[in-house]
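Beneath this line is the structure, given in structure tokens, with notes to follow.
Read-outs: derived from the displayed coordinates by stated rules, not from any lab. In this text the structure is predicted, and so the values were computed from the model without any measurement. All Cβ positions, glycine included, derive from the backbone under ideal geometry; neighbour counts span all protein chains shown.
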Amino acid sequence: MTEYLVPRAEGDVQYVQLLTPEGYRVEHPDYAFDGGEDEAGTIRGFYRDMVLTRRIDTESTALQRHGELGIWAQLLGQEAAQIGSGRALRPQDYVFPTYREHGVAYCRGLDPLRLLGLFRGVDQGAWDPHVNNFANYTIVIGAQTLHATGYAMGVQRDGAVGTGDADRDTAVVAYFGDGASSQGDVNESFIFAASYNAPVVFFCQNNQWAISEPIERQSRIPLYQRARGFGFPGVRVDGNDVLAVHAVTQAALQYAREGNGPTLVEAYTYRMGAHTTTDDPTRYRLTDEVEYWKLRDPIARVKVYLTRNGLADHDFFEDVEREAEELGARLRDGCRALPDPSPLSIFDQVYAEQTPELEAQRDEFAAYLDSFEGAH
Amino acid sequence: MTKVTLAKALNMGLRKAMETDPKVLIMGEDVGKLGGVFRITDGLQKDFGEDRVIDSPLAESGILGTAVGLAMRGFRPVCEIQFDGFVYPAYDQIVSQVAKLHFRTQGAIKMPMVIRIPFGGGIGAVEHHSESPEAQFAHTPGLKVVSCSNPVDGYWMIQQAIAHDDPVVFLEPKRQYHADKADLDEEATPPPLFSSKVLRTGSDATLLGYGPMVKTLMKAAEAAAGEGRSLEVIDLRTLSPLDMGPVFESVRKTGRAVVAHEAHTNLGMGAEIAARITEQCFYSLQAPVLRVGGFDTPYPPARIEEEYLPDLDRVLDAVDRTMGF
Ligand SMILES: Cc1ncc(C[n+]2csc(CCOP(=O)(O)OP(=O)(O)O)c2C)c(N)n1
Ligand SMILES: [Mg+2]
């Protein structure tokens, strides 16, 4: 029954890579890392970003274990995919995330406490997306890819593509997972984006798993190759190589901003942790696989590279570590201090224009709550 | 007799159905190796193979749409939707295809499938994981809709639903999956699938509910008894068709009824039930039928879901109001 499934063989995997797992820079014919005038400084910045992102993740996982969060979706192992792509964005670009894009959120300047609010259950991820050009987390798999495409169609209609003005031309990024690639919504978003040549980058983090289902259940061909059938370019990048992810995403974004339409980027990475804190991955995958990917850690290779080439000293790494500690402490305290919403807030914001019916229901519930005053 | 949770009872019921009829298939996301995120299909793929317990690609419309084809080919698919809020990508297939094919083909095609949906709140989850979409299906002609409230019913009802020739939306109160254990006698004869059941007799008012609310209603009746009030409790079990006989009988006796569900009150099951009671028991009623439900808002964040969900106090408050008429 399953013979047709493509074997998960290492040799099959071909992708854009600019920094090997051992920390050596390599050339690629089509893509080069652009680190600006202070390349070493940029790479140190990526390192810091990834360490802080990992800290947000591990701290949140710990908070869930202590009962402070209802659930947490871990990104462990996907730091390079998120920081490399997030740091390729310009301020005017716009992001449509799933529920796991904590590193991209961080790049957009969203306070991680806003993420904790969602996972703690004090709100539903209620940040204003226009503040950081970072849309709200989307839990219904794939839905956001259509939103991103529609937003990109709006960008086109506003004349914010292909003007040559670097501060005006805008790209939109739709993040989604390997599992999501099976959803109708995702495939429809490909069609729409292609049909209108919308300035959208489809950024798929292929972390090899959709809860317990391996990528082979979703696709017989490498995901990036699907783009071809929809009529736009697709590229696979080593998702654990922050330099390559940055280079590939930057190129795709620029391609979109210039009015050339969509690109599918498949960041080939691995979900090192559980699907969420309620998941038990030992039920469906082998530790061998996890061990294999540990050797491809996205942060370790950058550290080795910086150290070997004398681009960062002991003090730098200490500083980053200290900063991570501070961030962790801030998240711990901040999470516990997040106020619970008031019961009556349930009735607020259902509509832009409140209905008399709902207002009456609210008043009735308020009176009901009041009836307990003094009763206890 | 074995003591089992609802999760275990459903698992046993599914196993039994698969043993009984080789045409029964299970399909859904993570139902195979993982045994489902709630472990309801635990061990079934191991014992029945990948052809009969199908880990599907991540696409609900795909699950339901292919189930239609499998049913046409003579199989009896049991589709698992991972959480209530994720049934909507499949809504088109369910409402426009699954529900209508028998009618459209003048009976040439049957759709003997079961759509299992863990539903309801109270588990501290993020959005889309705590909803109660039953009315959306009960409102759709061609679908049958049932909900179990306890392990024993879970064991029998899932088997009966699978054996039934019409499509059945099978709502499982996820909050109850691992909550209580009950004695299961696998030799017993179960009541018919589409029947409601009086769980506790009383004379002052009738409490009506299904799925996760039944436990709350039983507790409310107990608490009320302590205050000298005698409440009858009916587990509706079937939402489409409704089995109103026992309900009418009860209300003619008590003269008062309170219907409770987690779903939004507006146009919820309670509205239909209240209307039918009013139509059939008008001269027996001492008070209007009252509804206790979720508010007419989206399901709120977890930290205030207990305010949103009808609880013992809100049920008893409604009982007070109906008695005050
Ligand atoms: C429409 C829908 N169906 C099912 C789910 C339950 N679910 C949550 S995450 C997930 C797997 C997603 O896998 P993938 O797209 O690879 O993203 P990853 O979680 O690996 O980041 C599933 C099935 C959902 N959230 N939405
Ligand atoms: Mg995945």
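Take peptides A:337-350, A:65-78 and line them up by average Cβ neighbours within 10 Å, highest first, as a rough protection proxy. Could the numbers behind the result be given before it?
Values: A:337-350: 14.4, A:65-78: 20.6.
Put in order of decreasing packing, that is A:65-78, A:337-350.
Considering amide H positions built from the backbone, and no H for Pro or chain starts, which residues 5 or more places from B:GLU172, or on another chain, come under 5 Å of its amide H?
Those lying under 5 Å, H to H, from B:GLU172 are B:ILE117, B:PHE119.
In peptide B:59-66, how many Cβ atoms from other protein chains are near each Cβ within 10 Å, on average?
Whole-number average of other-chain Cβ neighbours for B:59-66 is 3.
Students often check this: by mean Cβ neighbours within 10 Å, which of A:92-104, B:38-50 ranks highest, and how do the rest follow? Can you show the working numbers first?
On the way: A:92-104: 25.1, B:38-50: 17.6.
Ranked from most to least packed, the peptides come out as A:92-104, B:38-50.
Using label points projected 7 Å from each Cα along Cα→Cβ, tell me how many nm separate A:GLU258 and A:GLU321, to one decimal.
With each label placed 7 Å out from Cα toward Cβ, I get 4.4 nm.
Give me the percent of DSSP beta bridges within the range B:2-184 that run antiparallel, rounded to the nearest 5.
10
Once the piece of chain linking A:HIS314 and A:ALA32 is laid out straight, how much longer is it, given 0.36 nm per residue of separation minus the C-alpha distance between them?
That pair, A:HIS314 and A:ALA32, stretches by 98.7 nm at full extension.
Pairing the Cα long axis of helix A:298-308 with the longest principal axis of chain A, what angle in degrees results, from 0 to 90 and rounded to the nearest 10?
Here the helix axis deviates by roughly 50 degrees.
Please list, in chain and number order, the residues 5+ apart from B:ILE40 or on another chain whose amide H is under 5 Å from its amide H, with Hs placed from the backbone.
For B:ILE40, no residues qualify.
Which whole-Hz couplings ³J(HN,Hα) result when phi for each residue of the range B:56-68 is put into the Karplus expression 6.51 cos²θ - 1.76 cosθ + 1.60, θ = phi - 60°, listed in order with x for Gly and Pro?
Each residue's phi maps through the Karplus curve to give 8, x, 7, 7, 5, 4, x, 4, 6, x, 6, 4, 4 Hz.
Set Lys and Arg Cβ to +1 and Asp and Glu Cβ to -1, take the dipole of chain B about its Cα centre, and tell me which of B:GLN106, B:HIS264, B:THR297 lies farthest positive.
B:GLN106
Please give the residues of the range B:290-325, grouped as numeric ranges, whose backbone N is less than 17 Å from a label point set 7 Å along the Cα-to-Cβ vector of A:ALA366.
B:296
Counting only DSSP beta bridges with both residues in the protein assembly as shown, what percent are antiparallel, rounded to the nearest 5?
20
Once phi is turned into θ = phi - 60°, what whole-Hz ³J(HN,Hα) does the Karplus curve with 6.51, -1.76 and 1.60 give for every residue of the range A:236-245, x standing for Gly and Pro?
So the J values, rounded to whole Hz, are 9, 10, 5, x, 9, 10, 5, 5, 5, 4.
Of A:ASP315, B:ASP165, A:ASP297, how do they rank once you tally other Cβ atoms within 10 Å and put the fewest first?
Neighbour counts put them in this order, fewest first: A:ASP315, B:ASP165, A:ASP297.
Taking only DSSP H segments of four or more residues, each worth -39500 (n - 2.57), what value at 222 nm results for chain A once the sum is divided by all its residues, to the nearest 500 deg cm²/dmol? Intermediate values should be presented prior to the final figure.
Values: 13 runs with 161 residues, N = 376.
That comes out to -13500 deg cm²/dmol.
In deg cm²/dmol and to the nearest 500, what is the mean residue ellipticity at 222 nm of chain B if only DSSP H runs of at least 4 residues count, each as -39500 (n - 2.57), divided by the residue total?
For chain B, the value works out to -9500 deg cm²/dmol.
Could you line up A:PHE316, A:PHE202, A:PHE176 from fewest to most neighbouring Cβ atoms inside 10 Å?
Arranged by neighbour count, lowest to highest, A:PHE316, A:PHE202, A:PHE176 become A:PHE316, A:PHE176, A:PHE202.
Could you pull out every residue, at least 5 positions away or on a different chain, whose amide H is within less than 5 Å of the one on A:ARG271? Hs are placed 1.01 Å off N in the peptide plane, and Pro or chain starts have none.
Placed amide hydrogens put A:TRP209 under 5 Å from A:ARG271.
Pick from A:GLN354, A:GLN250, A:GLN156: which is most flexible by mean-square fluctuation in a GNM of chain A where alpha carbon atoms under 10 Å apart are linked?
Looking only at A:GLN354, A:GLN250, A:GLN156, the biggest GNM fluctuation is shown by A:GLN354.
Can you give me the orientation-averaged projected area of the convex hull built on the Cα atoms of the range A:277-353, in nm²?
On the way: hull surface 42.7 nm².
So the mean shadow area of the Cα hull is 10.7 nm².
Using the Karplus curve 6.51 cos²θ - 1.76 cosθ + 1.60 with θ = phi - 60°, work out ³J(HN,Hα) for each residue of the range B:276-281 in order, rounded to whole Hz, and write x for Gly and Pro.
5, 5, 4, 5, 9, 10
Arrange the following residues from fewest to most other Cβ atoms within 10 Å of their Cβ: A:ASP30, A:ASP111.
With the sparsest Cβ surroundings first, the list reads A:ASP30, A:ASP111.
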